[in-house]
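Beneath this line is the structure, given in structure tokens, with notes to follow.
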Amino acid sequence: MPRTRIVVTLVAALVLGRPVPGRTASPGAEFGMAIGAAAANLLYTPAKVAVAAVGLAVGGVTGVLTGGDVRSVYAIWVPAASGTYLLRAANLDGTEPIEFFGSDYADTPAIVSGAAESGGIYEAQYSR
């Protein structure tokens, strides 16, 4: 039981924690960051792969149960299967973010050209 708590705490810290940007000047510090990233990957990468595998399976089942609704599947697959799989020294020193749950959603809605002419309901919703 204590080992499980340690693993859960470490994974939660990696997922929820934000690295503080810092600058490493010495080769020794760079070496330490590289060793730290390698050590963190021993727990982080299997957890990320497990989440991705479960997310892909759940997304597939969701697709079947929703009659092939691609948006529903995409909403599960994107966070589960994208993101950071391997930590690097740049992730640990804060110069690159760690995304356990990835995203590739645009910040602004896409503009569909010709939505008014086509008259489709889907195009009209997303053309504003």
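Since every read-out is calculated from the coordinates, none of them should be taken as a lab result. Model, not experiment: these values are computed from the prediction. FYI the Cβ positions are ideal-geometry reconstructions off the backbone, even for glycines, and counts take in every protein chain you see.
If R0 is taken as 25 Å, the Cβ-Cβ distance between Val64 and Glu99 corresponds to a FRET efficiency of 0.35.
Modelled spin-label separation between Thr4 and Ala38, with each label point placed 7 Å from Cα along the Cα-to-Cβ direction: 3.2 nm. The relative contact order of segment 21-97, computed from alpha carbon pairs under 8 Å that lie at least 6 residues apart in sequence, is 47 percent.
Estimated at 0.36 nm per residue, the fully extended path between Ala53 and Ala75 surpasses their Cα-Cα distance by 6.4 nm.
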